[in-house]
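A short write-up of the structure that comes next.
The values are calculated or read from the model by the stated rules, or taken from the named source; none is laboratory data. Computed from a predicted model, the values in this text were never measured in an experiment. Using ideal geometry, Cβ is built from the backbone for each residue, glycine included, and neighbour counts are taken over all protein chains shown.
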Amino acid sequence: MKILLAALADCANISREGKLNVMGLFNTIHAAQVPFTHPSLQLVLRISLALAEVDREHEIEIRCMDEDGAELFKVEGQFSVAGAPAPGISPTFDHIVGVHNMTFRKFGGHTFAIFVNRDLKQTIDLEVARLPAQGNADGPATDLDALDLDGPGAI
């Protein structure tokens, strides 16, 4: 069993055709102060299984910890994949965990640890960073403001 994709995103879904759609991948959240409650994020997984692992129950556990090891949350569940999709194609399992109103108590590194059958398979790092100070009023507010969109080479 391998985790092919493990990411944090703003939005994700699985279409009725079985396509995994992911938008807004990130690994940093900015906050003016802590504690900070992030309204919504999606933890997106794509797991590939060997043929010997289909038609069986598997345990999954996801933990989020800060850099000192304090646990912010833990979720546990089970999944199974029925049969192989086609000869020569590895079965996969797509899973999206919606995390809503998660409170971060301090700035710094955080880790989402993904365990399958009690074995750590993957980690996702997330940095909770202090919101940068506002630029001076005379200069550009963003990099895009500094672009000359009407000059030579403009689209």
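Regarding residue 119, is this residue more than 18 Å from the chain's Cα centre (by Cα), modelled with pLDDT of 95 or more and either farther than 25 Å from residue 23 by Cβ or not polar (S, T, N, Q) (or both)?
The answer is yes for residue 119.
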Notebook entry, point to check: Taking segment 46-90 only, how many residues are among the small types (Gly, Ala, Ser), exposed (fewer than 12 other Cβ atoms within 10 Å of the Cβ) and part of a strand (DSSP E or B)?
Noted result: 2
Check: Which residues, counting only those in segment 53-69, are modelled with pLDDT of 95 or more, of a type in the set (A, V, I, L, M, F, W, C) and out of contact with any Asp or Glu (no Cβ under 6 Å at 6 or more places or on another chain)?
Finding: 60, 62, 64
Item checked: Answer residue from segment 18-28, given it is at pLDDT 95 or above and either surrounded by 14 or more Cβ atoms within 10 Å (Cβ to Cβ) or among the small types (Gly, Ala, Ser) (or both) and is farthest from the chain's Cα centre (by Cα) among those -> 20
Check: Among the candidates 110, 95, which residue alone is in contact with an Asp or Glu (Cβ under 9 Å, 6 or more places away or on another chain) and either within 24 Å of residue 59 (Cα to Cα) or at pLDDT below 95 (or both)?
Finding: 110
Check: Hey, any hits in segment 54-68 for a residue that's of a type outside the set (Phe, Trp, Tyr) and in contact with a Cys (Cβ under 9 Å, 6 or more places away or on another chain)?
Finding: no
